[in-house]
Each structure stands twice: as structure tokens, then as C-alpha cells.
1. Could you work out how much longer the chain between residue 201 and residue 189 gets when fully extended? Use 0.36 nm per residue separation minus the Cα distance between them, nm to one decimal.
2. Across segment 72-123, what fraction of all alpha-carbon pairs, as a whole percent, falls in each successive 10 Å bin from zero upward?
3. Pairs of Cα atoms under 8 Å, at least six residues apart: use those to get the relative contact order of segment 28-198, whole percent.
4. What distance in nm separates the simple spin-label points at residue 68 and residue 136, each placed 7 Å from Cα in the Cβ direction?
5. Once you have the Cα-Cα distance between residue 47 and residue 147, take 0.36 nm times their residue separation minus that, and quote the gain in nm to one decimal.
6. For labels at residue 57 and residue 98 in the simple 7 Å Cα→Cβ model, what's the distance in nm?
């Protein structure tokens with residue numbers, strides 16, 4: 001009787017093992033637990049990266065807009081620059097523009113002398129908060145600039161140089177952690193004269 005009981009126990013154990021091996025009721029849950037982190041990474045990563053790329057493109061457009069608007073005139077005033085900075089912030093729509101997000105909107109007139117040395121003629125930056133704009137001095141007049149591309153160094157000419165920086169904070173922060181500064185700069189040549197004057201200035205350098 002003892003041997004028969006052991007035999008029955010062995011057979012029952014085998015059947016139980018076979019049934020356990022064929023049981024797939026918890027398989028989907030286990031697979032989902034493994035796949036979920038990857039799915040979240042792909043979803044939130046796509047959101048963060050695509051938003052960052054879109055904002056970076058906007059930053060480039062703002063820089064181009066500033067240099068283009070200034071280069072179209074022969075003379076600009078503080079009011080003109082204030083309006084240009086407002087337009088720059090409007091280009092960033094629908095992304096929020098404050099003093100903490102768009103940390104730099106700056107436009108400068110730089111002169112290339114006969115020896116291809118580049119110096120700042122005038123420079124101003126604008127801080128946009130809602131509908132108000134604060135225009136203040138940017139780079140110091142007379143500062144030497146060494147970052148202008150060599151192909152643009154044409155002696156006795158002027159360039160309108162715009163610089164823009166926007167701080168991008170990821171929506172989810174699942175893949176990109178912390179704030180990321182996105183910046184760009186562009187150069188434009190004056191269209192209607194040899195230089196763009198500021199305020200009461202009457203002649204080019």
C-alpha cells in the first residue's frame with residue numbers, strides 16, 4: 001500500500017508539473033511588467049525630444065528675425081528694438097517667454113575694419129515679460145569679437161549680429177533631465193546702407 005501511495009504521489013506530481021508548465025494565465029502580466037519601462041521611455045522620450053527640437057527651431061527663427069528686421073533699416077531707436085524683441089517673443093508661440101525662459105535676446109552692430117578686425121559699434125538686449133519689454137545695454141562698444149566666421153570678414157563692412165538663448169525644461173523629464181539651454185546666432189548685412197545707425201549717430205565707423 002505504501003508503494004502504491006508513493007506511485008500515485010509521483011504521478012500526481014508529474015501531472016501537476018505538466019499543468020504548471022502549460023499554464024499561461026499570468027504570462028501577459030509578466031511580459032507587460034518587462035515591457036512597461038521601455039514603453040514609458042519611448043513615449044516620454046519622444047515627447048521631450050520632439051518638443052526640444054521644435055523649440056530649438058523657434059530659437060533659430062527668432063535669431064533670424066531679429067537680425068533681418070534690424071538690417072532692413074538705416075537707423076534704429078530704442079522703440080524699434082523694443083518692438084523687434086516683442087516680435088521675437090511672438091515667434092516663440094506657443095512656448096512661454098519670460099525672463100527665466102528666454103534668457104537672451106540681443107542684437108549688435110559689429111564693424112569689420114580694413115585689417116578684418118571686428119569691433120562692436122552698438123549692442124542692446126531685451127527682456128520680455130508678457131506685453132512689456134525692457135531694453136538695456138548689451139555688449140560694450142569697442143569690444144573685439146573673434147567668433148565671426150572667416151567668410152563674413154569683408155573689410156570695411158558692417159554686420160548685424162543677433163543672439164538668442166532659450167532655457168528648455170522637458171515636459172516629462174523622463175529621458176532628458178534638468179533644463180537645457182538652446183541658443184543660436186545669425187548675421188545679416190545692412191540692406192539699404194553701409195551700416196545701421198543707432199539713435200542720434202550720424203555716420204558709420
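Read the figures in this text as sums done on the coordinates, not as results from a lab. Note that this is a predicted model, so its numbers are computed, not measured. Backbone-built Cβ (ideal geometry, glycine too); neighbour counts: all protein chains shown.
1. Gain on stretching residue 201 to residue 189: 2.5 nm.
2. 19, 40, 28, 11, 1
3. 31 percent
4. Result: 2.9 nm between the two label points.
5. 32.6 nm
6. 2.6 nm
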